[in-house]
Each structure stands twice: as structure tokens, then as C-alpha cells.
Amino acid sequence: MKATIYDVAREAGVSIATVSKVINAKGKISQERRREVFAIMERLHYQPSVIASALTGKHTYTLGLLIPDIANPFYGEVARAVEDRGHQLGYSVIICSTDNRDERIEQYISVLKQKRIDGIMVGTGLGNADTLRELSESMPIVAIGRELPDFPVHTVVADDWQGGRSAAEHLLLLGHRRMAVLCESISLSSSRDRLMGFKERLEESGVILAERHMKHCKHRMEDGKREAARMLKGSDRPTAIFCCNDLLAVGALQAAKEAGLRVPSELSVVSFDNTILASVTDPPLTSIAQPMEQLGAAAVDLLLEQFGQEASAHKRRIALRTELMVRASTARAKLDE
């Protein structure tokens with residue numbers, strides 16, 4: 001026999017009204033009590049009627065997540081963290097991989113609105129500010145992993161600027177002075193901040209990053225390999241490369257191998273993200289670790305906080321700490337370099 005709201009209330013020792021408020025994210029109920037009620041709902045296999053909720057304008061217990069590429073391990077791990085936190089709080093998550101293409105983004109947003117999702121987390125580029133403005137009028141929004149330009153929303157990011165500084169500090173301490181950077185488009189706040197932090201820390205030590213050693217490319221492995229191969233030609237090749245994600249760093253490792261350069265004795269490589277890729281490459285990558293589990297959980301929590309509240313002009317921005325993970329892809333620069 002299917003469990004009812006009465007069964008949940010009796011098991012939790014609360015009134016039916018309290019269970020209803022938990023389900024609909026209303027009322028002044030502590031997060032601990034909400035978690036207790038959701039845990040009992042899960043144990044009893046109680047599911048509110050999503051169809052009925054949608055028809056009456058109530059919650060459907062469904063969230064949307066827009067990410068550029070589910071094949072990128074960083075977004076895969078963040079998506080898993082979002083799913084885990086959503087499930088813990090009684091919500092399902094629909095994950096949409098947009099490839100940063102405007103037409104695909106528009107299509108997914110249309111589908112998500114038809115499904116009457118309760119809120120959306122945006123981890124992809126949105127070229128059209130009007131789309132974001134229209135979306136914000138119908139549901140809560142949180143940007144995850146990057147800032148959304150031209151329109152303020154609640155945001156959860158890693159401290160990309162500090163992460164870039166940490167990468168530079170590590171290479172400077174190893175004696176490197178001729179360095180290069182591979183990053184995605186600076187239209188992305190994450191790439192822009194990582195590059196800025198890296199350059200500023202170098203400049204503080206009197207090291208200038210040459211323009212020819214700053215390459216912008218797409219985020220894929222083959223893009224990193226192609227641009228790194230170009231950098232590694234000639235007598236003034238860099239002794240170290242900072243790659244703004246793990247995929248670009250893997251590409252740089254491949255380029256170095258094909259150029260006959262040994263990592264790390266002849267070329268040091270630092271990546272950003274610290275996904276599973278960083279620990280399985282040969283050699284394992286020194287990487288700036290993003291707290292992916294915290295990013296996903298914080299985005300869900302920040303989204304749910306908006307339910308039942310009036311839209312506020314004040315938008316919260318949560319910046320989570322990054323951490324340098326030293327592995328075997330970096331070593332001290334040779335003295336004659």
C-alpha cells in the first residue's frame with residue numbers, strides 16, 4: 001500500500017501542515033527538520049503528485065542544470081554533486097549538455113520551462129541576456145562555476161583568481177621564469193580570473209608573461225595539444241605551462257611527448273580542476289583543485305533558499321577555496337633556463 005502524507009507526518013512526529021510546508025519549501029522550518037522529513041519520505045517511498053503540483057502551480061521537485069559538456073570530467077563531477085544534493089533534499093535533476101551553443105541552450109530552456117521545473121542552475125555561457133532576464137521572471141536561477149555577464153544572479157564559483165596565483169607561486173618557487181598559459185576564451189569569467197591571478201603573481205616577481213605564450217582555445221584535449229605543440233617549437237620555448245583545465249593539460253602532455261620533451265625534467269605542467277584525469281595521467285598532474293562536491297551542493301542549497309521568497313536585488317556570490325595538489329608533472333627548472 002502506497003504511503004500517504006499522513007504516514008509521513010505520523011513517522012516524523014509532526015503535523016500534516018508541517019509536512020506540506022516542507023514539501024512546498026514554505027514556512028520557517030529548520031534545514032535539519034526538512035532533511036529529517038525528506039529522509040522519512042524516502043524511506044517510506046512517499047512521492048507527492050508531481051502532476052498535481054504542476055497543475056496547481058506548486059513545486060514539481062525537479063531542478064534543471066545547464067552545463068557545456070557532460071564529457072568534460074569537471075562538469076560530470078559537478079553534475080553528480082548536484083544530483084546527490086538534490087536527491088538528498090527530495091529533488092530530481094534534469095541535466096542538459098549545451099556545448100555552449102545558443103540554439104541548443106534556447107531549446108533546453110524551452111523544454112525545462114514546459115516541464116515546470118522549480119529552478120535552474122546555469123553552468124554554461126548565455127549569449128542572450130534577454131533569455132536570462134525572461135527566465136529569471138519565471139523561476140529562481142543560480143550560476144554555477146562561472147559568472148553570468150550582463151545580468152546579476154546568485155552565484156557559486158571557485159576562487160579562480162586565487163587558484164591562478166597559486167599555480168604561478170608554485171612554478172616561481174621551482175625557479176621557472178619562462179612560462180606559458182593555455183586557457184579558454186576570456187569571455188568566460190573563470191578563464192579570465194585564472195589568467196589574471198596567474199599574470200599578477202608573475203608580475204609581482206618581475207616576470208612578464210609574453211603575449212606569444214598566452215593561447216586561448218576551446219576546452220578540449222585536442223585543442224590543448226595543438227596550441228601546446230606550437231608553443232614548444234623554437235629555442236625560446238617555455239619551461240612550464242599553466243593549463244586552465246585538466247583536458248588542456250592532458251593535451252599539453254601529449255604535445256610534449258610528441259616533441260620529445262620529458263615531463264617534468266624538461267617541461268613542467270600545472271592544470272586546473274583536479275578531476276580524476278589529473279591522477280591517472282603519466283605523469284600525474286600537479287593541479288589546482290576545485291571543490292566540485294561543494295560547488296554542486298552549495299548551488300542546490302542557494303537555489304532552494306529562493307523558493308517561496310520575493311526576488312531580492314541583492315545577489316549572493318559564494319567563492320569557494322581552491323587548493324594546490326602537487327604531483328609529478330612539475331619539477332625545479334634547470335639552472336641554465
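A short reminder: the numbers here are calculations on the coordinates, not readings from a lab. Please read all numbers here as calculations on a predicted model, not as lab measurements. Quick reminder, even Gly has a Cβ in these numbers, built from the backbone with ideal geometry, and neighbours come from all protein chains shown.
Couple of notes before you dig in:
- Cβ-Cβ FRET estimate between Ala259 and Asp150, R0 fixed at 35 Å, reported to 0.05: 0.25
- Spherically averaged projected area of the convex hull of Cα atoms, region 160-290: 6.8 nm².
- Scattering curve values for region 86-179, log₁₀ I(q)/I(0), Debye with Cα scatterers, q = 0.17 Å⁻¹: -0.79
- Annotation: average projected area of region 72-129 is 4.2 square nanometres, based on the convex hull of Cα atoms across all directions.
- Per-pair calculated FRET efficiency, R0 = 56 Å: Ser235 and Ser110 via Cβ, rounded to 0.05: 0.55
- Under 5 Å, built H, 5+ apart or other chain: amide partners of Val93: Leu63
- Sparse-neighbour loop sites [GluC sites (Glu not before Pro); region 127-171; at most 12 other C-beta within 10 Å; DSSP]: Glu137
- Computed lengthening from Val326 to Leu44, 0.36 nm per intervening residue step minus Cα-Cα distance: 96.9 nm
- A crude spin-label estimate for the pair Asp301 and Ala210, with each label 7 Å from Cα along the Cβ direction, gives 4.6 nm.
- Span per principal axis, largest first, for the Cα atoms of the chain (Å): 76, 39, 33
- In this rough spin-label picture, where each label sits 7 Å from Cα along the Cβ direction, the Arg316-Lys334 distance is 5.2 nm.
- Value of Rg/Rh across region 165-207 [Cα atoms, Kirkwood radius]: 0.98
- Greater than 25 Å apart at Cα, pairs in Lys233/Lys334; Lys215/Lys315; Lys2/Lys113; Lys215/Lys257; Lys199/Lys225: Lys215/Lys315; Lys2/Lys113
- Over region 111-235, the alpha carbon radius of gyration divided by the compact-protein estimate 2.2 N^0.38 Å works out to 1.32.
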